[in-house]
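These notes concern the structure reproduced below.
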Amino acid sequence: MDPCHARWAAFLQELCGSDAAGVRSVLDVCCGTGLMAAELVALGYRVSGVDASAQMLARARRRLGPDVPLVHEALPHLTLTGPFDAAVSTLDGLNHLTPAELGPAFAAIAGRLRPGGWLVADLHTDAMMEFARANAIVEGQSGGHRFTITSTVDVAGRTCDARIALRDGDGRGGFDEVHRQHFFRDGDVRAALAGAGFGAVAVTDEYTWEPVGDATLRATWIARRAED
Ligand SMILES: C[S@@+](CC[C@H](N)C(=O)[O-])C[C@H]1O[C@@H](n2cnc3c(N)ncnc32)[C@H](O)[C@@H]1O
């Protein structure tokens, strides 16, 4: 299992543990290869996943087995009905949306949550935009894969075109992917959340209780669907 996702799932469990209504079902938005879903299943949550990539979902299926519902579709389109107690989106999934898609995506997620349901999602900060600009090539390991990310940042346009080469541990399998990420302004995220019916927004440093600081690369947005 991946140490980041284990820590992030533990944060969600601690956060939602305060909810007297109980949190049992979780929608993993932009679930990718299922790293977060696997951690949440291990913690006892009933998880469903949605992702725009068939390749990612095939890997998620292998990781999660046959019992976790996985749907192949692209936000803001969302056909899973729920209602879910919580939705998560980890490792920059929502940064793949365009600014025009963010509000409709939040609305689609809110529509699948019960009143008072949670949204816990991370988004890149401006510090991440600067990090990507200054570190055009990043190599590392995650979930048993080796990856190389090559980034081209447009600071004025607030975008990053990333080329990702993912290789399996044995170096044989894997795939290459090119995508554009968007760096959202905090005010735009708050407006999109409010417009989608979310309230009580908090923003913390990468799945901790620490406030966002100048060094925060990944901000965790915590919001709850307003009660009816
Ligand atoms: C960096 S990966 C994160 C995967 C996963 N959340 C994790 O923590 O490992 C981003 C994922 O977002 C998915 N994605 C991008 N745009 C999407 C969209 N519009 N709707 C659904 N999934 C999308 C990609 O296919 C990819 O699997």
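Give the range of the longest stretch in the chain that excludes all trypsin sites (Lys or Arg not before Pro) found in loop regions by DSSP and having at most 14 other beta-carbon atoms within 10 Å. The longest such stretch corresponds to 25-171. Largest GNM mean-square fluctuation among Leu113, Leu43, Leu217, using the chain with Cα springs under 10 Å: Leu43. Name all residues of segment 208-228 having a backbone nitrogen under 18 Å from the label point set 7 Å from the Cα of Ala6 along its Cα→Cβ direction, giving them as ranges. From segment 208-228, the list is 208.
Loop-located GluC sites (Glu not before Pro) in segment 170-228 (DSSP state other than H, G, I, E, B) with a sparse environment of at most 15 neighbouring Cβ atoms within 10 Å: Glu227. With a ≥ b ≥ c the root eigenvalues of the C-alpha gyration tensor of segment 1-122, is it rounded (a/c under 1.5), prolate (a/b larger than b/c) or oblate? Since a/c stays below 1.5, the shape of segment 1-122 is classed as rounded.
What fraction, in whole percent, of alpha-carbon pairs in the chain exceed 23 Å separation? Summing the P(r) tail past 23 Å for the chain gives 46 percent.
For the chain, the antiparallel share of DSSP beta bridges with both residues in that region comes to about 70%. The Cβ shell under 11 Å around Ala121 holds other residues with a net charge of -2, Lys and Arg each +1, Asp and Glu each -1. For segment 45-89 and segment 170-199, what is the separation of their C-alpha centers, rounded to whole Å? For segment 45-89 versus segment 170-199, the Cα centre distance is 16 Å. Note on the chain: GNM, Cα springs under 10 Å; of Phe11, Phe198, Phe84, the largest mean-square fluctuation is that of Phe11. Relative contact order of the chain: 18 percent, from C-alpha pairs under 8 Å at least 6 residues apart in sequence. Only Lys, Arg, Asp and Glu carry charge here, each on its Cβ (+1 for the first two, -1 for the last two); on that basis the chain has a dipole of about 500 debye about its Cα centre.
Please compute, over every Cα-Cα pair in segment 127-182, the percentage with a separation greater than 15 angstrom. Roughly 49 percent, once rounded to a whole number. The helix-based estimate of mean residue ellipticity at 222 nm for the chain, built from -39,500 (n - 2.57) per DSSP H run of four or more residues and divided by its residue count, is -8500 deg cm²/dmol to the nearest 500.
Each value in this text was obtained by applying a stated rule to the coordinates, not by laboratory testing. Keep in mind it's a predicted model, so treat the numbers as computed, not measured. Cβ atoms come from the backbone with ideal geometry, glycine included; neighbour counts cover every protein chain shown.
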